[in-house]
Amino acid sequence: MSIKSGNIEGFEQYSQFETLKEFNRHMELWLLEHKTDFSKGELVGLKRLVRFAAKIPGVCNAKIGTLLKTIHDEYHDNGISRSTFKRMINKAKALGIFIVYETERKNGSQSSNLYVFNRFPVSEPPKQEILNHPKETINLLKTKKDQKIKKRNEEPSVLDHTYVSNRVPQRFVQFVQYFFSDAKLIEEYWRMAYIQIHRLIDMDIDDTVDIAIDSFRQLIRKLKFTKVVRNPIAYYYGIINKKLFHFFRDGYWNS
């Protein structure tokens, strides 16, 4: 089933961003990570789509024809083809940059697609800056520091699933640990699911775990059968978004 077409203001609930500045910052991170995955023409199409997603940050329902005409006008009739634009869409979807929903008119005919941009998943905290200690101090303590560093390097650096925070439901931990046993990674997958679900729906924790596990099951299937997933966490985020769309479509939040 498709969602009903309409003015862009009617899709405000799909936005994942509070401000345009926040949306632009996440798009910079996406491009920093995946710019080389697109051809020059595909990048032109992606950046134009981003500009059309400014009124409601991260949401666009412009027709492909409108987007292509704008590009042709800007580049003085040296724009990109429809096939190039569609290749960009397929790549961006596979990378988890955005989700595409089909929309339909009141008479049931297909209308323009709805593009919902995802937040860039940050899975690691920022690295702390290294302080510039005076060289004399470093030299005086060099031997002791080298010994401590050697000892730390000999210790295991990755904690398994038994070290996952108590905030993560055990049912989710037990399922995910069969595929990824890294405690930090399990916590990150749960954080992505929990934040996204509870940002839109006040859902019971058991239902949240059900959606999180079912989404993870789909992710594993995709990873096993294809090679198109470059960023598994981002792709997982996209799967959850699709499931939430079905909840909105079926009127779950009113029940």
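The values are calculated or read from the model by the stated rules, or taken from the named source; none is laboratory data. Model, not experiment: these values are computed from the prediction. Positions of Cβ are backbone-derived with ideal geometry, glycine not excepted, and every protein chain shown enters the neighbour counts. These accessible areas exclude ligands, DNA and RNA; they are computed on the full protein's heavy atoms, side chains included. Shrake-Rupley method; radii C 1.70, N 1.55, O 1.52, S 1.80 Å.
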Taking into account only those residues within region 162-172 that are crowded, with 20+ Cβ neighbours inside 10 Å and among the β-branched types (Val, Ile, Thr), which is farthest from ARG217 (Cα to Cα)?
VAL164
Does region 58-67 hold any residues that are buried (at least 20 other Cβ atoms within 10 Å of the Cβ) and assigned to a loop (DSSP other than H, G, I, E, B), and which are they?
GLY58, ASN61
State all residues of region 9-24 that are open to solvent by 20 Å² or more (accessible area, probe 1.4 Å) and among the hydroxyl-bearing types (Ser, Thr, Tyr); if no residue qualifies, say none.
TYR14, THR19
For the structure I just gave you, tell me whether THR70 is surrounded by fewer than 18 Cβ atoms within 10 Å (Cβ to Cβ), hydroxyl-bearing (Ser, Thr, Tyr) and touching a helix residue (DSSP H, G or I) at 6+ places or on another chain (Cβ under 7 Å).
yes
Yes or no: region 40-51 includes at least one residue that is over 18 Å from PRO121 (Cα atoms) and not in a helix (DSSP H, G or I).
no
Looking at region 74-101, which of its residues are modelled with pLDDT of 85 or more and not in a helix (DSSP H, G or I)?
GLY79, ILE80, SER81, GLY96, ILE97, PHE98, ILE99, VAL100, TYR101
I need the full set of residues from region 178-220 which are open to solvent by 30 Å² or more (accessible area, probe 1.4 Å) and under 25 Å from VAL158 (Cα atoms), in order please.
TYR178, PHE179, PHE180, SER181, ASP182, LYS184, LEU185, GLU187, ARG191, TYR194, ILE195, ARG217
Please determine, by comparing only the residues of region 225-254 that are closer than 21 Å to ILE195 by Cβ and more than 15 Å from the chain's Cα centre (by Cα), which one is modelled with the lowest pLDDT.
TRP253
